[in-house]
Amino acid sequence: MASSRRQYPFHLIEPKWQQAWEQQQAFRAFNPGESVPAEHPFAQRHGANAMTAGGKAPTKYYILDMFPYPSGAGLHVGHPEGYTATDILARYRRAGGFNVLHPMGWDSFGLPAEQYAVKTGQHPRVTTEANIANFTRQIKSLGFSYDWSRELATTDVEYFKWTQWIFLKLYNSWFNPETNKAEPIETLKYPEELQQSAADLQSAEVSSAINAPGSGDAACRLQVGSTLESARRAFVDSKRLAYVSEAPVNWCPELGTVLANEEVIDGKSEVGGFPVIRKPMRQWMLRITAYAEKLLADLDTIDWSDSLKEMQRNWIGRSEGAEVDFEVVGSSRCDDRTAQRAVPTSKIRVFTTRPDTLFGATYMVLAPEHRLVDEIVTEEQGEAVENYRAHTARKSDLERTELAKEKSGMFTGAYAINPVNGEKIPIWIADYVLASYGTGAIMAVPAHDTRDFAFAQKFNLPVIQVVQPNDAKTEWQVFTDDGTAVNSGFLNGLPTAVAKAKISAWLEEKGLGKKTINYKLRDWLFSRQRYWGEPFPIVWKKGPGGQPPYHEALPESALPLLPPTLEDYKPTAGGEPPLARAKDWLNLPDGSVRETNTMPQWAGSCWYYLRYTDAKNAQSFVGKAADSYWMASNGKAAGVDLYVGGTEHAVLHLLYARFWHKVLFDLGYVSTPEPFYKLVNQGLILGSDGQKMSKSRGNVVNPDDVLVEYGADAFRLYEMFMGPLQDTKPWNTQGVEGVYRFLGRVWRLFVDEKAETAFEQAEATTQEPGNQALLDLILLDGAITDADATPAQLKALHACIKKVTEDLDGMRFNTAISAMMVFVNEAMTWQAKPMSGMKTFLQLLAPFAPHIAEELWARLHSTFGQTAPSLAYAEWPKFDAALLVESEIELPVQVNGKFRETIKIAVDADNATIEAAAKASEKVQMFITGKAIKKVIIVPKRMVNLIVG
RNA sequence: GCCGGUGUGGCGAAAUGGCAGACGCACAGGACUUAAAAUCCUGGGACCUUAAAAAGUCGUGUGAGUUCGAGUCUCACCACCGGCACCA
């Protein structure tokens, strides 16, 4: 397989041009206000003052790759697929006259470096930096046109300082439902009872004022005897976009940390596949649910693939329905605590998407964790219910999922009244009802819900039909679609949609319920029990008079908050996060202690695209001018113009980043509501066996090896030639050989054969392997002259310009490359090669294979005594449609819709001429002689179809 | 189960409703060479017929439909890939 002879000296050309680009900082992007050095190619194209106050700044084009986690394994061939696509487009846009921002950086917090630290005691920063160095080397060897002056890593102190700063903004903001946006916490008004004096304070009233989701714990803290101050604090804390929750979380014992819902797959950790259990813990949460509606609605304003938008929609999970109150009857086990309540909790609120089936509700189910369970359970059922609750509490998510086939539950002994018909229905608890969705309680309509039906079957509960399928043949049992209401009193005969509207209005009128929208989206669990992450800029103060401690944010001036240096990176023996080991860091002089959790890896990636626009700003996370220039709305486009990365981030990174961006937008720190206008997912590259690449399968391809053998240009070209960017496709090393041969043909199209031989001989005998001077032995082919191109040559060239340009606009890299192959195949046959046309071809090739294009471009100019302008900034060629017009075309002729022959005919021939020519064709004659021609269909310039009978 | 996507030669793929398989890989034959490599040229969906060809028939997962004409549009189904999954 190894080629014994290089197709062309890429091993000299590629390092040469990579150095040249670096030396002149060719791909440095200039910010508004910057003056450009006169010798920089950007200045030569756009003027040195283009970016200064009076200058005419070119339109920006922000093209971004998802930055990688710098793992110890180094780059695999999947990374450069996206990077090559974006690089080609970045170079294409630069040639098109745009000011292109194309940066690269590192998502460098993360678990592997920490696990290595736990094992070896090596500081994660050391590992991380070594890995970044390796990634940098690999990425640079591919000749990408990144602006390295903007390089950043999420682990940089100067970067995570601002990550912490954004956290403070979240902490110090609340979502105002009236203005429908986030606002500084200062605009939050206390409810009336908290404006009064402490003496008037009734804890029950305060509880009722606090109804934000996830605020149950805050309410718990409001015991009788709270001071006004702590009550107010609890109220404010319950509204913050970053808040503390004591709810059950996904705890992964193996990883020693909690995980976000999104990081748990089938009850196992996404990383490592370890079991995850539910465990109540104190955690930091971000109130992403406040943005559910905006995150959903704004999907319509951005250009992402349908499948990706759909994934986000499903994850947000909006559903419209109604909340209905059911009165509880029967005995209530009143202990001292509940007896004191001013208003007995005699109502159970449920959420349903099918209020039209209310007449069919034959029982109710509460989640086992529902807070009313204790109050309604009867004496006789007390123990059984308690046992059931204990049993489900022990279950992990995995067990809950695995046991889902078999429903379980327990009768509480209590009954509720169905508000529409006064029927008494039993109240059960069951773990198929989730505490965290809706109200944590449902009305069960077993006739028209598969889960309720299964439950009713198991526990012998009645099933009443209330919807009649419109198709009479359909069985009504477990019919969950729309139909017509039956056995439903005043709803009878109404189609489902109408019945829903009518019952909703009726409920609202009677004060029994109201229309409601629910979301599957949960708040984002934002803390991790790890070392290698951003520490929270939070301290815990001692509560006055023996009250529980409360949290307080550090001032911005205290940022960055650095993590302490540790000897041992393991969690403490008591299960505290590793930061708790650093006693002098942990404990502050005034007796307060620092938060020991750290932020998840997603934090840093939520805003890195903003930092790139102003990477060195020491005053602000991003400057106003930089933000509004690079993230500006260009007509409809807003934010990053093109973002390319893998689908694995469809709901994690891409949802979190949109959320942060919207908060920053609401608070006035950024100028656009969405971060990424167009998003494209590159497909997976499989091993040559068609399997996912993995070490265990031994099918991993290392780019370094490919580069040694074929060079960066061939590697880039192959990655793009394999197929459409979005598709999953297998790697085939012989395919690399194919594009490598193509580059060899390009080389031989330009280079004199004898000079090539002389070069090879000299290289074989030289002592210096990388001797650049040898390249001077290369002379161009004498057939390249400054003579005019022939019409045929111009046609071939302009067809190529047209195809490559259109395909680049549509991101069809594979067909663009094939168009260049067609051109080269034809040009190889030319006796005389016109210099101007050859130059133009190099411009087309340059985005794909920049090194060989630069080398030949430079040689072409110097051979003809010209100074070569920068290829990277040379104006993209335009095609001349007039040159592509044919005087005569081949027209396919069909008889009865079957292709029979092509005829040559003038383009502008009229229909009569075409018909005559078609009939005259010898082959066509065979099929039409002796038959009557019934009809002739002529599509100009397309085809002729003769219908005979 | 629900949602989204994909099915075209030996392989990667290409085709505004109009000549299916461009371009490339692998393969076969030839030229060059003492020979090989590299390079250059030629061939190539299947079937049928033939000494060879020409001609012909079939052919884009399966089955229907729309149309003068369908890989492309519509409906039903099958397979594979990705996502979600007790969300009321």
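Of the residues making up the stretch A:693-721, those that are assigned to a loop (DSSP other than H, G, I, E, B) and in contact with a helix residue (DSSP H, G or I) (Cβ under 8 Å, 6 or more places away or on another chain) number 2. Within the set of pairs 6+ apart or on separate chains, which have a first residue in the stretch A:504-532 that is within 30 Å of A:L111 (Cβ to Cβ), a second that is more than 12 Å from RNA strand B (Cβ to nearest atom) and aromatic (F, W, Y), and C-beta atoms under 6 Å apart? From residues that are within 30 Å of A:L111 (Cβ to Cβ), the pairs are A:F526/A:W284; A:S527/A:W284; A:Y531/A:Y569; A:W532/A:F109. Across the stretch A:783-824, the number of residues qualifying as touching a Lys or Arg at 6+ places or on another chain (Cβ under 8 Å), within 11 Å of RNA strand B (Cβ to nearest atom) and of a type in the set (S, T, N, Q) comes to 1. From the list A:G82, A:G97, the lone residue that is surrounded by fewer than 18 Cβ atoms within 10 Å (Cβ to Cβ), not in a strand (DSSP E or B) and not assigned by TED's automatic domain parsing to the domain that holds A:P877 is A:G97.
Would you point out the residue of the stretch A:1-46, among those that are among the aromatic types (F, W, Y) and in contact with a Leu (Cβ under 9 Å, 6 or more places away or on another chain), that is nearest to A:S145 (Cα to Cα)?
The extreme case among them is A:F10.
Among the candidates A:A832, A:A819, the residue that is of a type in the set (A, V, I, L, M), at pLDDT below 95 and open to solvent by 10 Å² or more (accessible area, probe 1.4 Å) is uniquely A:A832. Exactly one residue out of A:R697, A:R658 is within 16 Å of RNA strand B (Cβ to nearest atom) and either touching an Asp or Glu at 6+ places or on another chain (Cβ under 9 Å) or assigned by TED's automatic domain parsing to the domain that holds A:N814 (or both): that is A:R697.
Matching residues to (1) open to solvent by 10 Å² or more (accessible area, probe 1.4 Å); (2) closer than 30 Å to A:P548 by Cα; (3) away from RNA strand B (no atom under 16 Å from the Cβ); (4) not basic (K, R):
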residue: A:E246; (1), (2), (3), (4): yes, yes, yes, yes
residue: A:P253; (1), (2), (3), (4): yes, yes, yes, yes
residue: A:A260; (1), (2), (3), (4): no, yes, no, yes
residue: A:G267; (1), (2), (3), (4): no, no, no, yes
residue: A:L286; (1), (2), (3), (4): no, yes, yes, yes
residue: A:Y291; (1), (2), (3), (4): no, no, yes, yes
residue: A:L299; (1), (2), (3), (4): no, no, no, yes
residue: A:V324; (1), (2), (3), (4): no, no, no, yes
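Based on this model, can you work out whether A:F274 counts as outside the structural domain of A:V236 (by TED's automatic domain parsing) and either charged (D, E, K, R) or modelled with pLDDT of 80 or more (or both)? In short, no.
Kindly establish whether A:T728 is assigned by TED's automatic domain parsing to the domain that holds A:H851, without any contact (Cβ under 8 Å) to a residue 24 or more places away in the chain, open to solvent by 10 Å² or more (accessible area, probe 1.4 Å) and polar (S, T, N, Q).
The answer is no for A:T728.
Residues to consider are A:E890, A:E901, A:E915; find the one that is loosely packed, with under 14 Cβ neighbours inside 10 Å and not aromatic (F, W, Y).
On the way: A:E901 fails: loosely packed, with under 14 Cβ neighbours inside 10 Å; A:E915 fails: loosely packed, with under 14 Cβ neighbours inside 10 Å.
Exactly one of A:E890, A:E901, A:E915 is loosely packed, with under 14 Cβ neighbours inside 10 Å and not aromatic (F, W, Y), namely A:E890.
Could you check A:W532 against (1) on the phi < 0 side of the Ramachandran plot; (2) in contact with a helix residue (DSSP H, G or I) (Cβ under 9 Å, 6 or more places away or on another chain); (3) surrounded by fewer than 22 Cβ atoms within 10 Å (Cβ to Cβ); (4) assigned to a loop (DSSP other than H, G, I, E, B) and say which number it fails? For A:W532, the exception is condition (3). Could you list all residues from the stretch A:841-876 that are of a type outside the set (A, V, I, L, M, F, W, C) and either within 16 Å of RNA strand B (Cβ to nearest atom) or surrounded by fewer than 21 Cβ atoms within 10 Å (Cβ to Cβ) (or both)? Within the stretch A:841-876, A:Q843, A:R859, A:H861, A:S862, A:T863, A:G865, A:Q866, A:T867, A:P869, A:S870, A:Y873, A:E875 meet the criteria.
Cβ-Cβ distances below 6 Å connect the following pairs, each with a first residue in the stretch A:418-445 that is open to solvent by 50 Å² or more (accessible area, probe 1.4 Å), a second residue that is more than 15 Å from RNA strand B (Cβ to nearest atom), and a separation of six or more residues or different chains: A:K424/A:Y415. Among the residues of the stretch A:504-511, none qualifies, meaning not one is part of a helix (DSSP H, G or I), under 41 Å from the mean Cα position of the chain (by Cα), of a type outside the set (A, V, I, L, M) and not assigned by TED's automatic domain parsing to the domain that holds A:M443. Picking from A:I139, A:I185, A:I166, which residue would you name as being β-branched (V, I, T), open to solvent by less than 10 Å² (accessible area, probe 1.4 Å) and more than 30 Å from A:R716 (Cα to Cα)? Just a single option satisfies the conditions, and that option is A:I166. Taken as a whole, the structure leaves A:W106 outside the set of residues that are of a type in the set (A, V, I, L, M, F, W, C), open to solvent by 10 Å² or more (accessible area, probe 1.4 Å) and either out of contact with any Gly (no Cβ under 8 Å at 6 or more places or on another chain) or more than 20 Å from A:A615 (Cα to Cα) (or both).
Among the residues that make up the stretch A:881-888, is at least one of them within 10 Å of RNA strand B (Cβ to nearest atom) and part of a helix (DSSP H, G or I)? No.
Report, by residue number, each residue of the stretch A:363-389 that is of a type in the set (V, I, T) and crowded, with 20+ Cβ neighbours inside 10 Å. Correct list: A:V365, A:V373, A:I376, A:V377, A:V385. Within the stretch A:760-792, the set of residues being open to solvent by less than 20 Å² (accessible area, probe 1.4 Å) and touching a strand residue (DSSP E or B) at 6+ places or on another chain (Cβ under 9 Å) comprises A:I778, A:I784. Please count how many residues of the stretch A:684-708 are under 19 Å from A:F10 (Cα atoms) and not acidic (D, E). Count: 5.
The values are calculated or read from the model by the stated rules, or taken from the named source; none is laboratory data. These figures come from a predicted structure and were not determined experimentally. Here Cβ is always computed from backbone atoms with ideal geometry, including for glycine, and neighbour counts include all displayed protein chains. These accessible areas exclude ligands, DNA and RNA; they are computed on the full protein's heavy atoms, side chains included. Shrake-Rupley method; radii C 1.70, N 1.55, O 1.52, S 1.80 Å.
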